[in-house]
Amino acid sequence: MNGFKPGQRVRVRAEWPERHGPVHIRTPHYVRGREGEIAAFLGVFPNPEDLAFDRPAPPLPLYHVRFRPEALWPAPVSGTEILVEIFAPWLIPL
Amino acid sequence: MAHTPLSAAERALLDTTPPRALFAALKKVLMEKGLIAPEEIPAQIALTERASPLIGAQVVARAWTDPAFRAALLSAPARAVEAFGVSLAGAPPLGILENRPGRHHLVVCTLCSCYPRALLGYPPFWYKSAAYRARAVRDPRGLLAEWGTVLPPETEIVVVDSTADYRWMVLPERPAGTEGWDEARLAGLVRVSDLVGMTVPALPG
């Protein structure tokens, strides 16, 4: 699971588990299905999607993922980038 | 944060129950489940109320005047801040975002209101607003300009969306014209909006 390296291109999973039942998700809607690159490995933390429901929460690698505004918005603002903390299971290597 | 929609009955109950009764009920459940001890709530409130943007300003002023502290703050933020005398006990990991010429940081939590409370206290009201959270990621340059923060067009704005376990504070650039100032005077320049990246420290007037 912890195989990503800084600079590696990734896509965030275009999944919407909230459509199917109660969830607690830290991956914002606006980055799902979008491409970015690994900026940094931030450490390993218990999965908040389990913690919120008092389930056993396996530790997961957390990454800072960098997105260019062109990858996110129809009318991107130049000279900006967005860094988002995303857990490894949400990331697909490209 | 994605939650299931409340049923109409749950929503009606929430809307009509006094906040104090809701808090008491929540506290009772948390204690019965053994998730918190009675003394933890007042202790956590006291910790947050003790923190204020002044602490962040003092950390920044030290970083501006002491290169060894600055290096320590950037390489191991929590350790450096605790050595400075700020307790981060029980707080999430701290990240410091170093503004440099050509690179400015703006902190937001699009999901809720994650904020380095152990260091800065309660977030300002605008930080939690839906408008700030939406616009910070969508049009950061326009948002900053509305606050009078007009950065050179070649300056890259890095928006840091605090979505998970870290809490982020901006280390602003020291303004020109403050040569020879002592730490206390420098700390007096730093506002809470500078520590989030909505503004940059500037000389008064």
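Against the conditions (1) closer than 19 Å to A:ALA52 by Cβ; (2) within 14 Å of chain A (Cβ to nearest Cβ), where does B:ALA76 fall short? Just the number, please.
Tallying (1) closer than 19 Å to A:ALA52 by Cβ; (2) within 14 Å of chain A (Cβ to nearest Cβ), B:ALA76 fails exactly one: (1).
Need pairs with beta-carbon distance below 7 Å; first residue closer than 14 Å to B:SER193 by Cα and of a type outside the set (Ser, Thr, Tyr) and within the stretch B:127-139, second modelled with pLDDT of 95 or more and surrounded by 18 or more Cβ atoms within 10 Å (Cβ to Cβ); sequence gap 6+ or separate chains.
Pairs found: B:ALA136/B:LEU106; B:ALA136/B:VAL108; B:ALA136/B:LEU143; B:ALA136/B:VAL159.
Within the stretch B:133-172, take every residue that is over 14 Å from the mean Cα position of the chain (by Cα) and of a type in the set (Ser, Thr, Tyr) and give me the one that is nearest to the other protein chains (Cβ to nearest Cβ).
The extreme case among them is B:THR155.
Please enumerate the residues belonging to the stretch A:39-94 that are among the hydroxyl-bearing types (Ser, Thr, Tyr) and under 19 Å from A:TRP16 (Cβ atoms). Step through it out loud before you land on a result.
The initial filter retains those residues of the stretch A:39-94 that are among the hydroxyl-bearing types (Ser, Thr, Tyr), namely A:63, A:78, A:80.
Passing the criteria: none in range.
Which of the residues that make up the stretch B:15-24 are under 29 Å from the mean Cα position of the chain (by Cα) and either aromatic (Phe, Trp, Tyr) or under 27 Å from A:GLY21 (Cβ atoms) (or both)?
Result: B:LEU22, B:PHE23.
Going by the structure shown, is B:SER7 surrounded by 11 or more Cβ atoms within 10 Å (Cβ to Cβ) and either modelled with pLDDT under 90 or touching a Lys or Arg at 6+ places or on another chain (Cβ under 7 Å) (or both)? Quick ask: steps written out before the conclusion?
Details: surrounded by 11 or more Cβ atoms within 10 Å (Cβ to Cβ): no; either modelled with pLDDT under 90 or touching a Lys or Arg at 6+ places or on another chain (Cβ under 7 Å) (or both): yes.
Judged against the criteria, B:SER7 is not a match.
So, of the residues in the stretch A:58-93 that are of a type in the set (A, V, I, L, M) and modelled with pLDDT under 95, which turns out to be nearest to B:ASP161 (Cα to Cα)?
A:VAL77
Please identify the pairs in which a residue from the stretch B:23-36 that is away from chain A (no Cβ under 14 Å) has its Cβ atom under 8 Å from the Cβ atom of a residue that is in a helix (DSSP H, G or I) and of a type in the set (A, V, I, L, M), counting only partners at least 6 apart or on another chain.
Close Cβ pairs satisfying both conditions: B:LYS27/B:ILE41.
The values are calculated or read from the model by the stated rules, or taken from the named source; none is laboratory data. Please read these numbers as outputs of a predicted model, since none were measured by experiment. Backbone-built Cβ (ideal geometry, glycine too); neighbour counts: all protein chains shown.
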